[in-house]
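First comes the structure, then the notes that go with it.
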Amino acid sequence: MDFGFNLPTRGPLANRECILALATRGEQLGYTYLALPDHIVIPRAIGSPYPYSTTRKMGAVGEGDCMEELTVMAFLASATSKARLLSSVMVVPHRPPVFTAKALATLDVLSQGRVTVGIGAGWMEEEFRAIGALPFSERGKVTDEYLRVFKTLWTEDNPSFNGKYVQFDQVSFLPKPVQKPHPPIWVGGESPAAVRRTAALGDAWFPIGSNPEFPLNTAERFSQGVTKLHQEARRAGRDPATITLAYWAPWYKEGQTLTLDNAQRQAFTGSDADVIEDIATFRGLGVRHLLFTFARPTLPESIAAMERFRDKILSRV
């Protein structure tokens with residue numbers, strides 16, 4: 001099992017100095033993944049329900065800088081040498097697919113094969129409208145087709161595509177990604193549609209455990225989710241063992257215990273011993289990549305949080 005954390009692209013830490021300091025220190029400490037979230041604009045009024053909060057509201061709406069995900073990944077490709085660069089997650093319908101495939105292939109070349117493509121279909125209809133994306137109601141179908149476009153461009157010498165949303169022929173697409181057959185695709189999301197997308201098109205399933213509609217915030221709940229994923233993979237004619245498991249617990253905060261409505265302790269909360277036990281349990285369930293959030297109100301507090309996690313927890317697992 002390896003570990004990573006997300007870097008802030010919004011809010012008070014979303015500046016060159018903080019992002020660079022967190023990324024380089026994280027790499028020095030041995031974290032494998034640097035994860036970058038994706039928003040292009042933040043509408044000041046959002047009616048769409050946010051999936052990862054019981055209030056269904058997104059915090060800090062429209063406030064502070066909001067840096068573009070792929071641009072920050074390119075910046076970090078030159079600022080680091082070992083850590084993998086994870087889009088966590090890229091909203092696939094937000095960008096034209098041929099351009100996006102080219103940007104990711106270029107990033108993979110410039111980073112010497114360190115790109116992991118975390119993807120999702122998106123949840124904020126207002127942002128889709130603001131940036132001129134295809135209709136929000138079609139985002140699932142758009143995402144699936146765009147992923148097939150990516151794979152076609154990344155793997156075929158003479159790529160062509162004739163879909164509902166994308167058509168091209170007689171094009172040269174170079175450079176190809178360094179990673180073969182292509183950078184790993186981690187499918188984010190916990191819904192049945194996300195599970196089906198993982199089985200059909202993903203290299204890994206990358207859920208967040210705190211979706212109140214599809215909770216995966218205990219080992220038992222996550223295990224049930226994995227069972228459903230494996231059932232879907234078999235229906236798709238795929239060996240479930242070919243799907244890697246990743247997991248993001250962004251709620252982690254040292255010493256904090258969260259209790260669920262069934263009186264169980266939420267995974268990756270509580271004492272250091274509790275978190276160490278949870279890591280072992282999720283490893284036993286097949287999780288190979290585990291991500292947390294160490295962003296705190298200030299840069300020194302954030303670096304201290306990632307150092308403490310390495311010293312108190314990772315050193316014991």
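Annotations for the structure displayed:
- Among the residues examined, residue 30 does not qualify as at pLDDT below 95 and not charged (D, E, K, R).
- Some residue of region 236-257 being of a type in the set (S, T, N, Q) and in a loop (DSSP other than H, G, I, E, B): yes
- Taking first residues from region 100-126 that are at pLDDT below 95 and partners that are of a type outside the set (Asp, Glu) and not in a helix (DSSP H, G or I), no Cβ contact under 9 Å between residues at least 6 apart in sequence or on separate chains turns up.
- Taking the criterion of being assigned to a helix (DSSP H, G or I) and on the phi > 0 side of the Ramachandran plot, no residue of region 1-29 qualifies.
- Unmet requirement for residue 179, which otherwise passes all of (1) in a loop (DSSP other than H, G, I, E, B); (2) out of contact with any Gly (no Cβ under 7 Å at 6 or more places or on another chain); (3) under 26 Å from residue 208 (Cβ atoms): (2)
- Here 187, 195 are screened, and the one residue that is more than 19 Å from residue 36 (Cβ to Cβ), surrounded by 19 or more Cβ atoms within 10 Å (Cβ to Cβ) and touching a residue at least 24 places away in the same chain (Cβ under 8 Å) is 195.
- Residues within region 154-183 that are aromatic (Phe, Trp, Tyr) and over 20 Å from residue 108 (Cα atoms), tallied: 3
- In region 135-180, the residues that are in contact with a Ser or Thr (Cβ under 9 Å, 6 or more places away or on another chain) and of a type in the set (A, V, I, L, M): 149, 171, 178
- Count of region 261-317 residues which are farther than 25 Å from residue 207 by Cβ and β-branched (Val, Ile, Thr): 2
- Tally, over region 241-287, of residues that are more than 18 Å from residue 317 (Cβ to Cβ) and of a type in the set (Ser, Thr, Tyr): 4
- Close Cβ contacts (under 8 Å, 6 or more residues apart or on different chains) running from residues in region 138-160 that are under 16 Å from residue 200 (Cβ atoms) to residues that are basic (Lys, Arg) and part of a loop (DSSP other than H, G, I, E, B) comprise 141/164; 145/164.
- Filtered by the rule that a residue be assigned to a helix (DSSP H, G or I) and hydrophobic (A, V, I, L, M, F, W, C), region 186-197 gives 193, 194, 195.
- Residue within region 71-83 that is crowded, with 20+ Cβ neighbours inside 10 Å, in contact (Cβ under 8 Å) with a residue 24 or more places away in the chain, part of a loop (DSSP other than H, G, I, E, B) and of a type outside the set (Val, Ile, Thr) present: yes
- Residue 83, sole failed condition from (1) in contact with a Gly (Cβ under 7 Å, 6 or more places away or on another chain); (2) farther than 18 Å from residue 34 by Cβ: (2)
- Considering the conditions (1) surrounded by fewer than 19 Cβ atoms within 10 Å (Cβ to Cβ); (2) in contact (Cβ under 8 Å) with a residue 24 or more places away in the chain; (3) in a loop (DSSP other than H, G, I, E, B), residue 200 is excluded by exactly one of them, (3).
- The number of residues in region 258-270 that are assigned to a loop (DSSP other than H, G, I, E, B) and either within 15 Å of residue 294 (Cα to Cα) or basic (Lys, Arg) (or both) comes to 2.
- Contacts under 9 angstrom Cβ, first residue in region 216-229 being without any contact (Cβ under 8 Å) to a residue 40 or more places away in the chain and closer than 16 Å to residue 244 by Cα, partner of a type in the set (S, T, N, Q) and crowded, with 16+ Cβ neighbours inside 10 Å, 6 or more apart: 229/198
The values are calculated or read from the model by the stated rules, or taken from the named source; none is laboratory data. All figures in this text were calculated on a predicted structure; none of them were measured in a lab. Ideal geometry is used to build each Cβ from the backbone, glycine not excepted, and the neighbour counts take in all protein chains shown.
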